[in-house]
Amino acid sequence: MEFRKNDLVTLEIEDCGIDGEGIGKADGFTVFVKDAVIGDKVTAKIIKAKKNYGYGRLMEVLKPSPYRVEPKCAFARQCGGCQLQALSYDQQLVFKTNKVKGHLERIGGFTDIPMEPIIGMDELFHYRNKAQFPVGRNKEGKIVTGFYAGRTHNIIENRDCALGVAENKEVLDRVIAHMEKYGIEPYNEATGKGLVRHILIRYGYFTKEVMVCLILNGNKISKENVLVESLREIPGMTSITINVNKKRSNVILGEEIRLLWGQEYITDKIGDISYQISPLSFYQVNPRQTQKLYAKALEYADLHGEETVWDLYCGIGTISLFLAQKAKFVRGVEIVPAAIENAKENAKLNGLENTEFFVGKAEEVLPREYKKNGVYADVIVVDPPRKGCDETLLETMVEMNPERIVYVSCDSATLARDLKYLCERGYELRKVCAVDQFGMTVHVETVVLLSKGEIDSKKVRVEFSLEDMDMSGFQKGATYEQIKAYVLEHTGLKVSSLYISQIKRKCGLDVGQNYNLSKKEDAKVPKCPPEKEAAIRDALKYFQMI
Ligand code: SAH
């Protein structure tokens, strides 16, 4: 049966789409209904109809799903932010697990996906440490701030978002009162006139420091000192700045920052590491979950103080510094110069000198450093924005041939696409773990471990003893993992692939493309110490390679 616009249909909601919408069928016709929850029986009005499917507006819940809960926020349906507030948290986690799995299957072409259980949140509300509130006038001419109604530029007045911190309301009340008192105009998208565009607030979860940044279509705001005096009364206030953005675009922040009071950054902590964060830098929005996310990334990176690691899309060096606690050396790459300034400061602040940071596009810096300066990597970590990695970058990663790749992703569709590329070129999907950083929304963070399709060193040790091994399998030589396992077992030393390749080369063995050394004698490439050289030579002898 075909449906037309404005028809009313009754549906059992049987599935949940990737944007959190309910999906039901009426006489073979599939209808996507925003705000309907899996398990609901609803009536929906068709707002758009295609041949076999359409979109419906939820009119009435005839029988609520057992998974349906009362949203905490009164604006949950209007506001575009929380798509899942009416779904129980357990089911949100099921939804997110299925979303990641579904993308890996459909886009990545993977089967038998090694999914670990999703890591959920303990505190479901007030977890966001950052909010950017648009400012405007409503139909009655009143200055309003809050959130854009889903996919529009109409502002829903709400100074107390259920995901944000209590300090947000304090800041917004004071800025709006100041605007009203001194006749300061909000920015008007349609005309490009007016001054105040957005109010950015950041909160240090562990330090309780507060940052306010006013994004202006101009250089200054009237009675700056009066506003500063008022904002300073808020406990924890640490940084008050102005960001100038005179462009007529949807991009929220401009490039220029002017300090009004305090310092240009706030500090926060994740695990044992402190981070300075400036208004322009990216910082994860849910630090408590970020700690779990980074712990997982660190677990997957499997570092033992020997490894050289690249952290691509490093932001303010958050993951880099986490890894630097366990790695030999970490290099980070990030496109935003202010973030790299933060990263360098953060390395100093935490006394982690085994780090180096580069400003630039990952897809330009990594190929350059690899081809010109012969850098290598035992482990590469990537954490790109939603659009995923550039193919040039993936290509270079494959050429560099690191043992492990840890992919941290905030978009499982582009993740699946990039994993497909890497797994078609020699890598294997070892572990996948989703971490919920964004409860109530459809977004999900995922960490993935890839490694080369070789025998895992642990398995070599566990599954058969080296003493009883049939050597005929090693006619062509042992793998790097097998050599490492042998060395570890016989000497207790951990040796990197780089060292093995250096010794193999010294012994006149073919090392393939694995570990390209610098053409020049580059100081960045560490030399294998004599004790490890002897151990590797013993292993090569044992495996009858020399
Ligand atoms: N790993 C960091 C940041 C991840 S967000 C953390 O966990 O905090 C992604 C980062 O990639 C942002 O800081 C963004 O500025 C940066 N970025 C975007 N495109 C990039 C590119 N082509 N090359 C390098 N960095 C890029």
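The values are calculated or read from the model by the stated rules, or taken from the named source; none is laboratory data. The shown structure was predicted, so the numbers you read here are calculated from the model rather than taken from an experiment. Neighbour counts run over all protein chains shown; Cβ positions are idealised from the backbone, glycine included. Ligands, DNA and RNA are excluded from the accessible area calculation, which covers all protein heavy atoms including side chains. Shrake-Rupley method; radii C 1.70, N 1.55, O 1.52, S 1.80 Å.
In order along the stretch 74-82, the phi-based Karplus estimate (6.51 cos²θ - 1.76 cosθ + 1.60, θ = phi - 60°) of 3J(HN,Hα) comes to 5, 9, 3, 6, 6, 6, x, x, 9 Hz; Gly and Pro are listed as x. With the crude spin-label approximation of a point 7 Å out along Cα→Cβ, what separation in nm comes out for Asp112 versus Glu2? Each label point is offset 7 Å from its Cα along the Cβ direction, giving 4.7 nm.
Distant-in-sequence amide contacts of Val375, defined by a placed amide H-H separation under 5 Å and a gap of 5 or more residues or a different chain, comprise Tyr370. Here the accessible area is traced with a 1.4 Å probe on the protein chains. For the chain, carbon and sulfur cover 49 percent of it.
The distance linking the stretch 26-41 with the stretch 87-125 is 21 Å (Cα centroid to Cα centroid, whole angstrom).
Taking the DSSP beta bridges in the chain as the whole, what percent of them are antiparallel, to the nearest 5? The antiparallel fraction comes to roughly 65 percent.
For Ser65, the residues whose modelled amide H falls within less than 5 Å of its own, excluding neighbours fewer than 5 places apart on the same chain, are Asp40, Lys41. The GluC sites (Glu not before Pro) of the stretch 291-349 include none that meets both conditions, a loop assignment by DSSP and at most 16 other Cβ atoms within 10 Å of the site Cβ. Note that the stretch 420-437 has calculated 3J(HN,Hα) couplings of 4, 4, 5, 6, 7, 10, x, 8, 10, 6, 9, 8, 9, 9, 8, 10, 7, 9 Hz, one per residue in order, obtained from phi through the Karplus relation 6.51 cos²θ - 1.76 cosθ + 1.60 (θ = phi - 60°); glycine and proline are x.
Available extension along the chain between Glu224 and Asp173 is 16.8 nm, counting 0.36 nm per residue and deducting the alpha carbon span.
For the stretch 308-358, the set of chymotrypsin sites (Phe, Trp or Tyr not before Pro) satisfying both a DSSP loop assignment and a count of at most 11 other C-beta atoms within 10 Å is empty.
Taking one equal scatterer on every alpha-carbon of the chain, how large is log10 of I(q)/I(0) by Debye at q = 0.05, 0.06 1/Å? The computed values of log10 I(q)/I(0) come out as -0.26, -0.37. Extension gain, Cys507-Glu489: 0.36 nm per intervening residue step, less the Cα-Cα distance, totals 4.3 nm. The trypsin sites (Lys or Arg not before Pro) of the stretch 223-284 that meet both conditions, a loop assignment by DSSP and at most 15 other Cβ atoms within 10 Å of the site Cβ, are Lys223, Lys246, Lys247, Arg248.
Dipole magnitude for the chain: about 1460 debye, using +1 per Lys or Arg Cβ and -1 per Asp or Glu Cβ, origin at the Cα centre. The modelled label-to-label distance for the pair Ala190/Ser274, using points 7 Å beyond Cα in the direction of Cβ, is 5.0 nm. Mind checking the angle between helix 167-182 and the chain's longest principal axis? C-alpha axes, 0 to 90 degrees, to the nearest 10. The helix 167-182 is inclined about 50 degrees to the chain.
Probing with 1.4 Å while keeping every protein chain in the model, the per residue accessible area of the chain equals 46 Å². Pairs over the 29 Å Cα-Cα cut-off, from the set Lys41/Lys431; Lys96/Lys387; Lys223/Lys269; Lys99/Lys130; Lys130/Lys220: Lys41/Lys431; Lys223/Lys269. Working note: 222 nm ellipticity from helices only, DSSP H runs with n ≥ 4, each -39,500 (n - 2.57), summed and divided by the residues of the chain, gives -8500 deg cm²/dmol to the nearest 500.
With the whole protein complex present, Glu105 retains an accessible surface near 80 Å², based on a 1.4 Å probe. Listed by chain and number, the aspartates and glutamates placed with their C-alpha closer than 14 angstrom to that of Lys101 are Asp112, Glu116, Asp411, Glu445; residues fewer than eight positions away on the same chain are left out.
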